[in-house]
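Down below is the structure, laid out as structure tokens.
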Amino acid sequence: MQKCKVIAVANQKGGVGKTTTTFNLGVGLARAGKRVLLVDCDPQGDLTICCGYQDNDSIKTTISTVMEKIIEDEELSPDEGIIHQPEGVDLLPANIELSTMDLRLVSTMNRERVLPSYLDHVKDRYDFILIDCMPSLGMITMNAFSAADSVIIPVQSHYLPLKGMTQLTKTIGKVKKQINPKLRIDGILLTLVAENTNLAKTTEQTIRECYGDRIRIFDTRIPMAIKCAEISVVGKSIYSYDPGSKAANAYEKFTQEVLELGERQRVKNESSLSR
């Protein structure tokens with residue numbers, strides 16, 4: 001059976017398209033026949049809302065529930081808290097209750113291993129687990145990095161967060177060195193691209209100059225589109241809400257890039273093990 005790949009979608013800068021990317025990549029992978037679990041690691045619950053669960057504060061069992069059970073060493077069912085979303089993905093939802101978890105984790109033994117411990121229970125049921133990280137580098141995000149095989153970094157094309165990117169890559173490097181040796185950066189995804197503008201071109205050029213020699217820049221560029229912003233309101237992916245659009249085509253292309261990258265990494269790993 002194919003090994004499950006866990007991907008954290010992260011950037012401590014808000015409004016760069018993390019949640020939109022997580023949701024549409026997840027549905028794209030499901031459309032390609034993959035079994036996908038989406039994990040909402042943001043107390044705002046934007047991913048949960050995107051998936052169609054607008055009243056997320058009324059959801060009784062969430063990521064907070066299962067993490068608390070892991071901390072307290074209580075019995076946990078593999079299905080506990082997981083919602084089967086209509087577009088073929090599963091979801092571990094979040095709501096405002098998660099906002100207290102950072103503080104809760106501070107005094108917890110093996111605090112970086114709480115979320116990984118949960119995901120270890122369900123990995124054998126999925127090909128991909130995508131974690132939508134909150135816009136911070138707190139303990140919940142550290143748990144996401146500890147659980148992940150790789151990180152995808154969405155970057156808004158008309159905002160150049162060089163200082164923030166440096167901090168993020170350093171944090172990922174520290175997690176890799178101290179906690180999770182397998183962690184790597186899959187690449188930077190340019191989002192909210194205002195096509196054919198000098199600012200977008202200059203931003204992309206600068207990102208490539210600063211990071212292109214050590215971090216992959218995905219070929220796909222996600223265009224700025226009102227429909228992408230509206231999916232959180234309608235609770236549908238871009239494939240259902242605006243099929244055939246530039247944004248839908250871009251996310252389909254990005255999904256293919258992620259699949260091809262995963263296959264190359266799998267072949268490389270198998271080749272290394274056979275030596």
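Select from the range 230-251 the residues that are touching a residue at least 24 places away in the same chain (Cβ under 8 Å), in contact with a Lys or Arg (Cβ under 8 Å, 6 or more places away or on another chain) and within 18 Å of Cys51 (Cα to Cα) and list them in ascending order. Hits for the range 230-251 are Ile238, Tyr239, Ala247. State whether the residues of the range 58-65 include one that is hydrophobic (A, V, I, L, M, F, W, C), over 22 Å from Ala250 (Cβ atoms), touching an Asp or Glu at 6+ places or on another chain (Cβ under 9 Å) and crowded, with 19+ Cβ neighbours inside 10 Å. The answer is yes; a qualifying residue exists.
The residue of the range 100-137 that is surrounded by the most Cβ atoms within 10 Å (Cβ to Cβ), among those that are more than 15 Å from Ser64 (Cα to Cα) and of a type in the set (Gly, Ala, Ser), is Ser136.
Restricted to the range 229-250, and to residues there that are among the charged types (D, E, K, R) and not in a helix (DSSP H, G or I), the residue that is farthest from Phe218 (Cα to Cα) is Lys236. Residue count for the range 258-275 satisfying the condition of being of a type outside the set (A, V, I, L, M), assigned to a helix (DSSP H, G or I) and over 16 Å from Asp127 (Cα atoms): 6.
Just the residues that are within 22 Å of the chain's Cα centre (by Cα) and not in a strand (DSSP E or B), please, taken from the range 191-207. Steps first, answer last, please.
Start the filter on the range 191-207 by keeping residues that are within 22 Å of the chain's Cα centre (by Cα), which leaves 191-193, 204, 207.
Within the range 191-207, Glu204, Ile207 meet the criteria.
This table checks each residue for (1) of a type in the set (Phe, Trp, Tyr); (2) in contact with a helix residue (DSSP H, G or I) (Cβ under 7 Å, 6 or more places away or on another chain); (3) surrounded by 19 or more Cβ atoms within 10 Å (Cβ to Cβ); (4) at pLDDT below 95.
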| site | (1), (2), (3), (4) |
| --- | --- |
| Val6 | no, yes, yes, no |
| Gly14 | no, no, no, yes |
| Thr22 | no, yes, yes, no |
| Gly28 | no, yes, yes, no |
| Lys34 | no, no, yes, no |
| Leu38 | no, yes, yes, no |
| Asn56 | no, yes, yes, yes |
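Looking only at the range 131-190, residues that are closer than 10 Å to Asn11 by Cα, hydroxyl-bearing (Ser, Thr, Tyr) and assigned to a strand (DSSP E or B) come to 0 in all. For the range 71-80, check the following and say yes or no: at least one residue is of a type outside the set (D, E, K, R) and either within 30 Å of Asp219 (Cβ to Cβ) or buried (at least 20 other Cβ atoms within 10 Å of the Cβ) (or both). Looking through the range 71-80, none of the residues is of a type outside the set (D, E, K, R) and either within 30 Å of Asp219 (Cβ to Cβ) or buried (at least 20 other Cβ atoms within 10 Å of the Cβ) (or both).
One line per residue, one yes/no per condition, for (1) surrounded by fewer than 20 Cβ atoms within 10 Å (Cβ to Cβ); (2) of a type in the set (Lys, Arg):
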| site | (1), (2) |
| --- | --- |
| Ser157 | no, no |
| Gly164 | yes, no |
| Thr169 | yes, no |
| Lys176 | yes, yes |
| Asp186 | no, no |
| Ala194 | yes, no |
| Thr202 | yes, no |
| Arg208 | yes, yes |
| Gly212 | yes, no |
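The values are calculated or read from the model by the stated rules, or taken from the named source; none is laboratory data. Since this is a predicted model, take the numbers as computed values, not measurements. Quick reminder, even Gly has a Cβ in these numbers, built from the backbone with ideal geometry, and neighbours come from all protein chains shown.
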